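Beneath this line is the structure, given in structure tokens, with notes to follow.
The values are calculated or read from the model by the stated rules, or taken from the named source; none is laboratory data. The structure presented is a predicted model; accordingly, all values stated were derived computationally and were not measured. Heads up, the Cβs are rebuilt from the backbone with ideal geometry, glycines too, and the neighbour counts pull from every protein chain shown.
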Amino acid sequence: MEPETPPTASMGVTAALRQAAAPASPPEVPAIRAEGLVKTFPGVEAVRGLDLLVRPGEIFGLLGPNGAGKSTTVAMLCALIRPTCGGLWVAGHDVRTRPAAVRRSIGVVFQETTLDDRLTVEENLRVHAVLHGVPRRRARERVTAMLALTELADRRRSLVGTLSGGMRRRLEIVRGLLHGPRVLFLDEPTVGLDPHSRAEVWHHVHRMRRESGVTVLLTTHHLAEADHCDRLAILDRGRVVALGSPEGLRARIGRDSVRVRTDSPDRDARVLADALDVRPTVVEGQVVVQTGDGAAMLPRIVTALEGAVVSATVSQPSLDDVFAHYTGRSMRSPAAEGRTP
């Protein structure tokens, strides 16, 4: 049996977390690596040649509408389903040949809660520790440290059924990290929460990442959520259409987005292309022009279209603009949501 270090009064939260964490991979080993990853189901190609490289310790996001292939990708990363072809490694372990090692190296927070309402906060965590084979003393130290870190220490003996939605989410993150994984998967981590609770959850996710050094992979279709990522991959129909930091992705398409509604958007897009030497796109019936100075561009567009403009808006680029730039569709539109798992 692995020797246990006795707890000390002087041990800080960070020390307790790192002591109980899984042994770190060598720095050169990516937290996640996918090469030409493909997953097909009868009649559906859910993931189509996916390439990813996630660095140790970063928060990495998979952003895309429902049907983009996010859930299928995460299921393969968690060794729940086998890839059809391609290579996939998590914490240095091959998902095909060492699925058990992969599962020992990860923590998962599902979109739907899996806590037992009839047990207390501490009892839920103890059950998880037993299932993962965490030695009793180590589990006790880690529970104490992580509840303090997420400001749940005073609810230690409360029934889970009495917790707010934000508290439950924080508890699930604590449970996902209890056994010291190298990679934590968060599936739509703040869905259904109010803005204050979402902010609290993200405050604690960032804090846990800093304290434990865990890599976080997030799946979401919420644009604001993606801004918490160091880097993100935008998925569409099983493929990566853009990859980079949120700021870098926005910078690729210009600083401002001018959206103009007209009665004939396709025709008017061609008019603007000829008259102003721009490259407009048509997204959800609107003509969209990316430009460095939207306020200066708008009067020129109105003049070129000679009274055809019904309405117009100018905004700084969003991640939805990035998605539209690469796919020609808004991520919020029903057309962006296919049948891909």
Next on the checklist: Just the residues that are in a loop (DSSP other than H, G, I, E, B), of a type outside the set (D, E, K, R) and within 11 Å of the chain's Cα centre (by Cα), please, taken from region 187-246.
Outcome noted: 189, 190, 221, 222, 228, 229
Checklist entry - Taking residue 86 and the conditions (1) out of contact with any Asp or Glu (no Cβ under 8 Å at 6 or more places or on another chain); (2) modelled with pLDDT of 95 or more; (3) not in a loop (DSSP other than H, G, I, E, B), which numbered condition does it fall short on, given that it satisfies the others? => result (1)
Item to check | Yes/no for residue 157 being in the same structural domain as residue 69 (by TED's automatic domain parsing), among the charged types (D, E, K, R) and part of a helix (DSSP H, G or I) | outcome: no
Checklist entry - Is it the case that residue 69 is in contact (Cβ under 8 Å) with a residue 40 or more places away in the chain and either surrounded by 19 or more Cβ atoms within 10 Å (Cβ to Cβ) or in contact with a Phe, Trp or Tyr (Cβ under 6 Å, 6 or more places away or on another chain) (or both)? => result yes
Item to check | Residue among 179, 203 that is without any contact (Cβ under 8 Å) to a residue 12 or more places away in the chain and closer than 17 Å to residue 109 by Cβ | outcome: 203
Checklist entry - Just wondering, is there one or more residues in region 104-113 that are surrounded by fewer than 16 Cβ atoms within 10 Å (Cβ to Cβ), of a type in the set (A, V, I, L, M, F, W, C) and either assigned by TED's automatic domain parsing to the domain that holds residue 226 or more than 17 Å from the chain's Cα centre (by Cα) (or both)? => result yes
Checklist entry - In this structure, does residue 43 turn out to be more than 22 Å from residue 320 (Cβ to Cβ), modelled with pLDDT under 95 and among the small types (Gly, Ala, Ser)? => result yes
